[in-house]
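Working notes for the structure below.
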Amino acid sequence: MESIRPPSACCAPAAPADHSIRPLPAPADTPETTRMVALPGGEFLMGAEDADGFPADGEGPVRAVRVSPFLVDACAVRNDEYAAFVAGTGYVTDTERLGWSYVFAGFLPAALRRDAPRPPETPWWCAVAGAAWNRPAGPGSDLDGLGDHPVVHVSWYDAAAYASWAGKRLPTEAEWEYAARGGLEQARYPWGDELDPDGEYRCNIWRGTFPTRNTAADGYRGTAPVDAFAPNGYGLYNTSGNVWEWCADRWRTEHGTDAGPAGPARVIRGGSHLCHASYCNRYRVAARTANTPDSSTGHTGFRCVRDAG
Ligand SMILES: [Cu+2]
């Protein structure tokens, strides 16, 4: 078993790579899936060169990138949508197959928290046996009251399988960022340059002192409903904060035609309810990191896209 840890695994701990490719479920006849927004595409300025950003992540250089017209989910995929997929296909997630997932220590009962192995670099994550998309805080937990929250504890493969069933696909990283920016050019966040404009909370991130005290001033300690907070200019919700979102692209930190071969890790975007400026600051709209495609955590979900026309 080979252990692969991508760069900048800050708040996204990587599981050992151990995956056998399985066929994707066929598209459902009439999938009950979330509302999509049609975007015209075109050229936009991708990336950032923020002074307090992470150049080593390949956030820059700022470059003009063209995307074709496409449709994008207004919201991340919800638990009740993922449940319909599982019920309709019998799909078994990687997390269930491998038997464990990463849960943030602060969300666990004391006994589970005490006994779970933790990655030394990110000791706030516990590898919890039995944690899965439908048991997000491990054995004994369930999805009561979380139907409209984003599905989490899904690997890249689990996200791609859902997308295939829904007749959709995962976004390219360029599509994701173009959509997340909501039409604003080179803004720091999907709504502008201020984190909390006029004191208004616009996203679900860690408020307080990471990782010991989350004041939940923005209303949420864990995940929020997928349509919490005001949407961006394109009508997309929670492209910053709440949960990281899987993209189709393999991870690389160089861009352009001479970028060289990419590794197995896949890009994740948007940051999560656990991101805090003091530690990771990756809820900026240009921020990026990656995880291995079989990894799953309590703060990573996804949204889907579809080609226009
Ligand atoms: Cu983070």
Does the range 177-209 hold any residues that are surrounded by fewer than 18 Cβ atoms within 10 Å (Cβ to Cβ) and part of a strand (DSSP E or B), and which are they?
-> Gly192, Gly208, Thr209
Single residue of Glu185, Glu194, Glu254, Glu173 found to be under 26 Å from Ala161 (Cβ atoms) and not polar (S, T, N, Q) | Glu173
Keeping to the range 263-286, report how many residues are near the ligand (Cβ under 8 Å from one of its atoms) and small (Gly, Ala, Ser).
-> 2
Odd one out for Phe210 among (1) touching a strand residue (DSSP E or B) at 6+ places or on another chain (Cβ under 7 Å); (2) within 14 Å of the ligand (Cβ to nearest atom); (3) aromatic (Phe, Trp, Tyr); (4) over 23 Å from Gly182 (Cβ atoms) = (1)
Cβ pairs under 9 Å, 6+ apart or interchain, first in the range 35-47 and among the charged types (D, E, K, R), second surrounded by 14 or more Cβ atoms within 10 Å (Cβ to Cβ), ordered by first then second residue, are Arg35/Asp73; Arg35/Ala74; Arg35/Cys75; Arg35/Gly235; Glu43/Val65; Glu43/Val67
Could you grab the pairs with beta carbons closer than 8 Å, sequence gap of 6+ or different chains, first residue in the range 276-298 and on the phi > 0 side of the Ramachandran plot, second one within 12 Å of the ligand (Cβ to nearest atom) and not basic (Lys, Arg)?
-> Asn281/Phe54; Asn281/Cys275; Asn281/Ala287
Output the number of the condition that Thr223 fails; it satisfies all remaining conditions of (1) within 15 Å of the ligand (Cβ to nearest atom); (2) more than 19 Å from Ser155 (Cβ to Cβ).
-> (2)
Only residues that are buried (at least 20 other Cβ atoms within 10 Å of the Cβ) and not acidic (Asp, Glu): list them for the range 235-247, please.
-> Leu236, Tyr237, Asn238, Thr239, Ser240, Gly241, Asn242, Val243, Trp244, Trp246, Cys247
Among the candidates Asp158, Asp148, residue that is in a helix (DSSP H, G or I) and either modelled with pLDDT of 95 or more or crowded, with 24+ Cβ neighbours inside 10 Å (or both) | Asp158
Which one of these does Arg202 not meet: (1) modelled with pLDDT under 95; (2) farther than 28 Å from Phe85 by Cβ; (3) under 19 Å from the mean Cα position of the chain (by Cα)?
-> (1)
Subset of the range 227-251 [touching a Cys at 6+ places or on another chain (Cβ under 8 Å) and farther than 18 Å from Val151 by Cβ] | Phe229, Ser240
1 or more residues under 21 Å from the mean Cα position of the chain (by Cα) and at pLDDT 95 or above: qualifying helices (runs of 4 or more DSSP H) within the range 1-120 = 79-89, 94-98
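The values are calculated or read from the model by the stated rules, or taken from the named source; none is laboratory data. Quantities reported herein were computed from a predicted structural model and do not represent experimental measurements. Virtual Cβ from ideal backbone geometry, glycine too; neighbours counted across all protein chains shown.
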